[in-house]
Amino acid sequence: MDLDELGRQLRDTQWGWAALATALAPVQIWARARRWVYLFPPRSNPAGLVPAIWIGYMANNVLPLRAGEIVRVYVVARHWKVEATGGRTHRFWTTLATLIVERALDGLVVVLVLALLILAIPVPAYLELAALVLLAVDLAGIAVLLAFVVAPGACERGLARLTGRWPALERRLHRAFQTFVTGLDGIRAPSHLLPLVVWSAVVWLTPMLAIWTMLVAMNLHLPWAAGWAVLAFVGLGISIPSAPGYVGVFHAAAALAVGLFGVSQSAAVGYALVLHASQIIPVTLIGWLYLLREHMSLAEATHAQPPA
């Protein structure tokens, strides 16, 4: 990498456009919080979704292996009051079900975008293979979720047969399964379908706009396909648990994406560095403010155990 070229690129950056890209990062998190509401069962009215999603994404930025997902479940469980026997257990497994559905939906979008890119531009063979692997995993997950939604009784009987030799384990899994299936009521509700589609579109168009805005800020005059390539490659890269803040993985994916459009290695790395900072820093700072307001620590959240 030519460090002189990288320095010139950073000096020539249009920081007004970069500020706009930075401002779009919190918008995406807000949109995700709005969509998350419709992944919960109708009329459940879970509390604490906004602080949970901010703290969770902040935790993903400072902790390895996407530990922020555990934090999100913990924060919601602290806030959400459920008028049911075993309320704490109900909160945990219902919230976990919504997160699994959220990841399945996001994975499907990434695969669809990658599929369109493969048809439109030359993509390295190993990325095509990675897309196929992700598609297989995502489809398997969706198939399991559909089985839980369509035939929960049959799935529960199958689980009972598998664990029948261990009565204590069977009882615990039975309770967990019942509340987990309840957490899938959000995607079953017809009234949630349109809001889920609309908010999912906002969730993915917002980072796409931030990516394209940063291309303009870095004086990289590329077609719209380049923005979608960055979105898909980064989405594929960070889908695997990795370092805190996806450091390295994010940069490699973004640089590879713009490199397909003839951008030099130095310019591609410069773009990846600024884009990553614009999306990570505001989310982390706002997440820390929510963490302070909740009077809790990340250690407390990440060491929380699933309720019995």
Alpha carbon centroid spacing (whole Å) that separates the range 267-289 from the range 150-193: 40
Show me, for the range 97-102, the HN-Hα J-couplings you get by feeding each phi into the Karplus relation (A = 6.51, B = -1.76, C = 1.60, θ = phi - 60°), rounded to Hz, glycine and proline as x. 4, 5, 5, 5, 4, 4
For residue 289, project a label point 7 Å along Cα to C-beta. Then give me every residue of the range 18-56 with its amide nitrogen under 12 Å of that point. 26
Which length gain, in nm to one decimal place, applies between residue 11 and residue 140 when the Cα-Cα distance is subtracted from 0.36 nm times their residue separation? 41.7 nm
Leaving ligands, DNA and RNA out of it, report the carbon-plus-sulfur percent of the accessible area of the chain at a 1.4 Å probe. 70
Where does helix 15-37 land angle-wise versus the long Cα axis of the chain, in degrees 0 to 90, nearest 10? 10
The FRET efficiency for residue 45 and residue 224, from their Cβ-Cβ distance with R0 = 45 Å and rounded to 0.05, is 0.70
The range 143-158 - phi-based ³J(HN,Hα) in whole Hz, Karplus 6.51/-1.76/1.60, Gly and Pro as x: 4, 5, 4, 4, 4, 5, 6, 7, 10, x, x, 5, 5, 5, 5, x
Estimated FRET transfer efficiency when R0 is 35 angstrom, pair residue 194-residue 170 (beta carbons, to 0.05): 0.35
Of the candidates 125, 229, 217, which one comes out as most mobile in a Gaussian network treatment of the chain with C-alpha springs shorter than 10 Å? 125
Any idea what angle helix 167-182 forms with the longest principal axis of the chain, computed on alpha-carbon atoms, 0 to 90 degrees, nearest 10? 60
Between rounded, prolate and oblate, where does the range 214-308 land on the alpha carbon gyration tensor, with a ≥ b ≥ c its root eigenvalues, rounded for a/c under 1.5, else prolate if a/b exceeds b/c? prolate
Using a cut-off of 12 Å between beta-carbons, work out the net charge of the residues near residue 110 (Lys and Arg +1, Asp and Glu -1, residue 110 not included). -1
Regarding the range 40-155, what whole-number volume in Å³ per residue does the convex hull of its Cα atoms give? 148
Using alpha-carbon positions, what is the distance between the centroids of the range 98-132 and the range 39-64, in Å? 24
Put a dot 7 Å past each Cα toward the Cβ at residue 3 and residue 303; how far apart are the dots in nm? 4.2
Neighbourhood charge, 15 Å Cβ-Cβ cut-off, centred on residue 271 and excluding it, Lys, Arg +1 and Asp, Glu -1: -1
GNM of the chain, Cα pairs under 10 angstrom: of 31, 160, 77, the biggest fluctuation goes to 160
Cα gyration tensor of the range 192-259, axes a ≥ b ≥ c as square roots of the eigenvalues: rounded (a/c below 1.5), prolate (a/b > b/c) or oblate? oblate
Using alpha-carbon coordinates, inclination of helix 265-294 to the longest axis of the chain, degrees: 40
Keeping every protein chain present and rolling a 1.4 Å probe, give me the accessible area per residue for the chain in Å². 48
Cα-only Debye scattering, the chain: base-10 log of I(q)/I(0) at q = 0.08, 0.15 Å⁻¹: -0.40, -1.24
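The values are calculated or read from the model by the stated rules, or taken from the named source; none is laboratory data. Keep in mind that this is a model prediction, so the values were computed, not measured. For neighbour counting, all protein chains shown are included, and Cβ atoms are generated from backbone atoms with ideal geometry for every residue, glycine included. Accessible surface areas use protein heavy atoms only, side chains included; no ligands, DNA or RNA. Shrake-Rupley method; radii C 1.70, N 1.55, O 1.52, S 1.80 Å.
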